[in-house]
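For reference, the structure discussed in these notes is given below.
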Amino acid sequence: PRPILLTRHGESQANVRGRIGGDTALSGNGERYKKKLANFVEKRLSSERAASIWTSTLQRTILTAGPIVGFPKIQWRALDEINAGVCDGMTYEEIRKNMPEEYESRKKDKLRYRYPRGESYLDVIQRLEPVIIELERQRAPVVVVSHQAVLRALYAYFTDRPLKEIPNIEVPLHTIIEIHLGATGVQEKRYKLMD
Ligand code: F6P
């Protein structure tokens, strides 16, 4: 059965500063990861001519996929990170200090909490529907280079996790999650390419 490879972008400058959202470029570690990822994908999918690489429209995913050659790349706005609205670019500590009610509401119900002028996890899950339909239609492998909240939702869909767990699923940086959809269920492997 065809694999789906899920990965977050390489570490971004916002990740280093602890800032959410934004559209920053990669850090030095992120730059290293993009090369390791390209090596991995070129080996893993060397015999898979019809494979494709899907990214979000944010530069950290496009840059991460940059060195992968030989496969078509598709950008999906639906793969963009959860929109943190008025909190975009802040640290969690700044949100806690400056907008304590928002911070508390999110802590109480992270799945349903919607950032002012932004999105909730439920919003993200809903906008992913066309991506999921297209992923299920594919016969060839797909590498999805996206973001933490989005990948939590995709991963949960394919591995049948309950909704309420989604906002807390571990999707670390610099790790490839390979999912096989078979007749007998899902199989998963994780490849940690860097610390
Ligand atoms: O910190 C990286 C990041 O992708 C942010 O851009 C995003 O807001 C966050 O993770 C989502 O994770 P959580 O829902 O745990 O805040």
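Only the coordinates and a few stated rules stand behind these numbers; no lab work does. Just so it is clear, the model here is predicted, and its values are computed rather than measured.
So here's what we get for this one:
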read-out: Alpha-carbon centroid distance for the pair the stretch 72-146 / the stretch 9-26, whole angstrom; value: 15
read-out: Whole-number D in µm² s⁻¹ for the stretch 10-50, Kirkwood Cα-pair radius fed into Stokes-Einstein, 20 °C, 1.002 mPa s; value: 187
read-out: Dimensionless Rg/Rh of the stretch 1-101 - Kirkwood Rh, Rg from C-alpha atoms; value: 1.06
read-out: The chain: antiparallel DSSP beta bridges as a percent of all, rounded to 5; value: 55
read-out: Expected 222 nm ellipticity per residue - DSSP helices of 4 or more, -39500 (n - 2.57), all of the chain, to 500; value: -10500 deg cm²/dmol
read-out: Longest to shortest principal axis, alpha-carbon extents of the stretch 87-174, angstrom; value: 48, 25, 23
read-out: Residue of T159, T64, T184 that the Gaussian network model of the chain assigns the largest fluctuation, springs spanning Cα pairs under 10 Å; value: T184
read-out: Span-like helix ranges in the chain, DSSP H, alpha carbon extent 15 angstrom or more, Kyte mean at least -1.0; value: 148-159
read-out: For the chain, radius of gyration divided by Kirkwood radius, i.e. Rg to Rh on alpha-carbons; value: 0.96
read-out: Amide H within-cut-off set for Q138, under 5 Å, with H built and near neighbours excluded; value: none
